[in-house]
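The values are calculated or read from the model by the stated rules, or taken from the named source; none is laboratory data. Bear in mind that the values here come from a model prediction, so they are computed numbers and not experimental data. Cβ: placed from backbone, ideal geometry, glycine included. Neighbour counts: every protein chain shown.
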Amino acid sequence: MNRQLELFLTILLLLLALVLRVADLAELPPGFNTDELAFNRMTELMRDGDVAVHYDAGDGVGRAGMYALGNMLVTQLTGDGLLGYRLFSLWGGMVSLALLYLLARRLFGPYVALIALGLMSVNLRAIMLSRSATSEVFVPLYLILTLLVLAMTVNLSDKIRFRAPATLPFSMLAVLFGAAGYL
């Protein structure tokens with residue numbers, strides 16, 4: 001497959017994924033569920049200056065504040081409401097698709113990468129996850145990013161030659177492993 005056709009198909013699949021995730025974003029699913037309301041409350045607390053690592057959302061479950069921080073920054077720019085609170089998750093879902101394509105292409109080649117991107121683009125569970133205002137959308141993103149950085153640390157070519165290990169991928173991997181508890 002030539003590179004131009006691969007690029008065209010990748011952009012087409014990402015646009016399809018964006019259309020499926022954006023279509024009627026403020027209306028479907030209707031309203032917020034209890035988890036979304038807890039994260040929205042954390043976002044509002046953070047906006048009011050109550051910054052913490054973990055929050056008690058009132059339901060007896062402690063939640064990490066990393067998602068609320070990102071959501072607070074996005075809602076400062078876009079406003080709150082059904083659409084504003086869901087944009088951060090939409091962005092996370094789209095970035096996870098792009099990283100999935102990069103990871104699959106690095107490990108298995110362009111054909112498998114396009115198949116993985118196509119399946120994840122139209123997967124109902126991935127679409128609904130990108131439409132929810134919860135931190136669970138960042139679990140696949142975080143996992144794919146960690147696997148991509150891990151794949152960058154090893155030699156994946158057919159030629160076996162000495163290569164000095166690069167410090168940046170290992171440092172990024174350490175940061176990702178350390179930050180995993182705050183997701």
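Let's see how each residue does on (1) under 18 Å from ALA23 (Cα atoms); (2) in contact (Cβ under 8 Å) with a residue 24 or more places away in the chain:
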| position | (1), (2) |
| --- | --- |
| THR78 | yes, no |
| GLY81 | yes, yes |
| TYR85 | yes, yes |
| SER89 | yes, yes |
| SER96 | no, yes |
| TYR111 | no, yes |
| ILE115 | no, no |
Inset, instruction - State yes or no: is GLY31 in contact (Cβ under 8 Å) with a residue 12 or more places away in the chain and not in a helix (DSSP H, G or I)? - result: yes
Inset, instruction - List the number of the failed condition for TYR55; all other conditions in (1) assigned to a helix (DSSP H, G or I); (2) farther than 26 Å from MET152 by Cβ; (3) in contact with a Lys or Arg (Cβ under 7 Å, 6 or more places away or on another chain) hold. - result: (1)
Legend entry - Whichever residue in region 49-86 is small (Gly, Ala, Ser) and more than 20 Å from the chain's Cα centre (by Cα) and, among such residues, is surrounded by the most Cβ atoms within 10 Å (Cβ to Cβ): ALA57
Legend entry - Residue check for ALA174: assigned to a helix (DSSP H, G or I) and of a type outside the set (Phe, Trp, Tyr): yes
Legend entry - Test: SER157 is polar (S, T, N, Q), out of contact with any Pro (no Cβ under 8 Å at 6 or more places or on another chain) and in a loop (DSSP other than H, G, I, E, B): yes
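Going by what's in this entry, would LEU114 be described as at pLDDT 95 or above and surrounded by 13 or more Cβ atoms within 10 Å (Cβ to Cβ)?
Here the answer is yes, as LEU114 does meet what is asked.
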Legend entry - Output for region 124-154, where each listed residue is part of a loop (DSSP other than H, G, I, E, B), closer than 20 Å to VAL74 by Cβ and not charged (D, E, K, R): SER132, ALA133, THR134
